[in-house]
Amino acid sequence: MALPKIDLPIYNTNISSSSKPVQFTPFTVKEGTILMMAKESGELQTMVEALKQILSNCLVDKSIDVSKLPMIDLEWLFIQIQSKSSGENIPLHFKCKNPVVLASQTIDCGMIIECSVDLRQIQLPIVEKDSCKIQLNDKVGIVMRLPTFEATQKALTVKQTLQDHMLAAMCLDYIYDESSVIKADDAEPEELFDFVQGIQQSIFEEKILKFIDNIPSITHTINTVCPKCDYKHEIKLEGLADFFV
C-alpha cells in the first residue's frame, strides 16, 4: 500500500535577478538534516554546497538553475525559506569582548549574550546594475556580473591568495575591444583566470577589487546591551556564514 504524499505550503518572494516572483516550500526533515550537518562542519564550502542542495529541493520551479543565480539571491532565498521553516526569530549567542578591569587587570568581559534576529526585518538590498563596466585601457574593457554559486564555488578551490583573482575571472560577463565582443561563458575558466592575471596590477586593485569589495550582500544590524558590563553592542550580520544559523 502506497504511503500518502504530504503536501507542503507554497510561498512567494522576489529576487534581484528575476522580474517574476519565485515560489518555494519550507524545509522538510531532509533539508533540516543537511542544514544541521553543514553548520556542524563550520566550513564555508560545505555551507555553500548545502545551500545549493536545500534551495534546489525547496524551489517549486525545478527549471531554475541554482548554480547560475547570484549569491545575493541565494542568501535571500535561504533566509526566506528559513523564516517559513524554523520561525521568523532566530536565536544568536556571542561572547562580550568589552575590556573590563578586574583585580587591577584588564580582561574581556566574557559574558555570553543571548539575542535574536527577526528575519522579517531583513531587506533585500537594491542591486546597481549600471556600474559593472570597467575600461582596462584605450582598447580593451570588461563587463562584470554578480558572482553566482558556481563562481563562489570555483573561487574556493584555489589558494586564498588567488581567490580574488579567480572570483574576478568567474565574474566576467563580456570582454570587448575595438572590433569584437567575447562572451565569458564561451571561454574556459582557466582562460579567464589567465586573462585576469594579465591585467595591470594598479587597475586590478583600483577597479576590479573595488567591484569585488562592493558586491552586495545581505546585511542586518542588531543592537543589544551586555547584562554584565552594560556595554552597548552593535552586531553586524553579513553574508551566508552569519545567517547560516
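Below are the figures for this structure:
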{"read-out": "Listed residue pairs exceeding 30 Å between alpha carbons, taken from Lys68/Lys207; Lys68/Lys97; Lys52/Lys159", "value": "Lys68/Lys97"}
{"read-out": "Theoretical ellipticity at 222 nm over the chain - DSSP helices of four or more residues, -39500 (n - 2.57) apiece, nearest 500", "value": "-9000 deg cm²/dmol"}
{"read-out": "Percentage relative contact order, the chain, counting C-alpha pairs under 8 Å, at least six apart", "value": "17"}
{"read-out": "Per-pair calculated FRET efficiency, R0 = 30 Å: Glu178 and Ile203 via Cβ, rounded to 0.05", "value": "0.95"}
{"read-out": "Ranked packing of 62-70, 197-205, most packed first, by mean Cβ within 10 Å", "value": "62-70, 197-205"}
{"read-out": "Burial ranking of peptide ranges 36-48, 2-14, 158-170 (average Cβ count within 10 Å, highest at the top)", "value": "158-170, 36-48, 2-14"}
{"read-out": "Hydrodynamic radius by Kirkwood, which averages 1/r over all alpha carbon pairs of segment 118-161, in angstrom", "value": "13.9"}
{"read-out": "Rel. contact order, % - alpha carbon contacts under 8 angstrom, at least six apart, segment 11-90", "value": "35"}
{"read-out": "Shape call, segment 94-245: gyration tensor on alpha carbons, a/c limit 1.5", "value": "prolate"}
{"read-out": "Packing-based ranking, highest mean first, of 141-152, 176-187, 15-26 given that Cβ atoms within 10 Å are counted", "value": "141-152, 15-26, 176-187"}
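Values in this text are rule-based calculations from the coordinates and carry no lab data. Computed from a prediction, not measured in an experiment: that's the story for all the values here. A quick note on method: Cβ atoms are made from the backbone with ideal geometry, for glycine too, and the neighbour counts reach across all protein chains shown.
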